[in-house]
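Undergrad: Can you read through this structure? Questions will come right after.
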């Protein structure tokens, strides 16, 4: 069974996305912070991580940097409320190996398409 980790500091976003993918027979775990995400990655060994950029504590970019140190091959898709052209975040995430960018509010068709493509 495919394994997905959803990392977002907003409970409603985490639960909405988690329930959406559970209905598609994907094993989902969630984390509310970058620190929790790093623990879950070591415990659950997900195939794909949906990672919010803007979080308190360790933000998504820092979390991605830590992921790359230990799990170079782990697939990561960034989630943001900003447009890619805003700031250097998009370029930095790409340089760190993020596969794609999904924008909030989450579009279910886009979300499903991007995630299922990477889990196949």
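The values are calculated or read from the model by the stated rules, or taken from the named source; none is laboratory data. For clarity, every value in this text was computed on a predicted model and none was experimentally measured. Using ideal geometry, Cβ is built from the backbone for each residue, glycine included, and neighbour counts are taken over all protein chains shown.
Undergrad: Give the residue, chosen from 28, 7, that is more than 19 Å from residue 98 (Cβ to Cβ), surrounded by 14 or more Cβ atoms within 10 Å (Cβ to Cβ) and touching a helix residue (DSSP H, G or I) at 6+ places or on another chain (Cβ under 6 Å).
TA: Step by step, each of 28, 7 is checked, and only 28 is more than 19 Å from residue 98 (Cβ to Cβ), surrounded by 14 or more Cβ atoms within 10 Å (Cβ to Cβ) and touching a helix residue (DSSP H, G or I) at 6+ places or on another chain (Cβ under 6 Å).
Undergrad: Also: Select from segment 35-61 the residues that are crowded, with 19+ Cβ neighbours inside 10 Å and outside any helix (DSSP H, G or I) and list them in ascending order.
TA: Listed by number, the residues that qualify are 46, 48, 49, 50, 51, 52, 53, 55.
Undergrad: Sort through 106, 64 and tell me the only one that's under 14 Å from the mean Cα position of the chain (by Cα) and surrounded by 21 or more Cβ atoms within 10 Å (Cβ to Cβ).
TA: Matching residue, one of 106, 64: 64.
Undergrad: Right, here's the next one. Consider residue 69 against the criteria (1) in a helix (DSSP H, G or I); (2) crowded, with 17+ Cβ neighbours inside 10 Å: it satisfies all of them except one. Which criterion is unmet?
TA: Among (1) in a helix (DSSP H, G or I); (2) crowded, with 17+ Cβ neighbours inside 10 Å, residue 69 violates only (2).
Undergrad: Taking interchain pairs and intrachain pairs at least six residues apart, which have beta carbon atoms under 8 angstrom, with the first residue in segment 77-97 and modelled with pLDDT under 85 and the second in a loop (DSSP other than H, G, I, E, B) and surrounded by 11 or more Cβ atoms within 10 Å (Cβ to Cβ)?
TA: As it stands, the answer is 81/54; 81/104; 82/53; 82/54; 89/53; 89/82; 90/84, since those pairs meet every condition given.
Undergrad: Still on this model: Residues 106, 51, 64: which one is under 22 Å from residue 11 (Cα atoms) and touching a helix residue (DSSP H, G or I) at 6+ places or on another chain (Cβ under 6 Å)?
TA: Numbers: 106 fails: touching a helix residue (DSSP H, G or I) at 6+ places or on another chain (Cβ under 6 Å); 64 fails: touching a helix residue (DSSP H, G or I) at 6+ places or on another chain (Cβ under 6 Å).
So the residue among 106, 51, 64 that is under 22 Å from residue 11 (Cα atoms) and touching a helix residue (DSSP H, G or I) at 6+ places or on another chain (Cβ under 6 Å) is 51.
Undergrad: Would you be able to tell me the number of residues in segment 48-68 that are modelled with pLDDT of 95 or more and at positive phi?
TA: Number of matching residues: 0.
Undergrad: Looking only at segment 92-103, count every residue that is surrounded by 14 or more Cβ atoms within 10 Å (Cβ to Cβ) and outside any loop (DSSP other than H, G, I, E, B) and tell me the total.
TA: Residues flagged as surrounded by 14 or more Cβ atoms within 10 Å (Cβ to Cβ) and outside any loop (DSSP other than H, G, I, E, B) within segment 92-103 amount to 7.
Undergrad: Exactly one of these conditions fails for residue 13: (1) within 12 Å of the chain's Cα centre (by Cα); (2) at pLDDT 95 or above; (3) in a helix (DSSP H, G or I). Give me its number.
TA: Exception for residue 13: condition (2).
Undergrad: Do the conditions hold for residue 14, that is, is it free of Cβ contacts under 8 Å to residues at least 24 places away in the same chain and surrounded by fewer than 15 Cβ atoms within 10 Å (Cβ to Cβ)?
TA: Against the criterion (free of Cβ contacts under 8 Å to residues at least 24 places away in the same chain and surrounded by fewer than 15 Cβ atoms within 10 Å (Cβ to Cβ)), residue 14 does not qualify.
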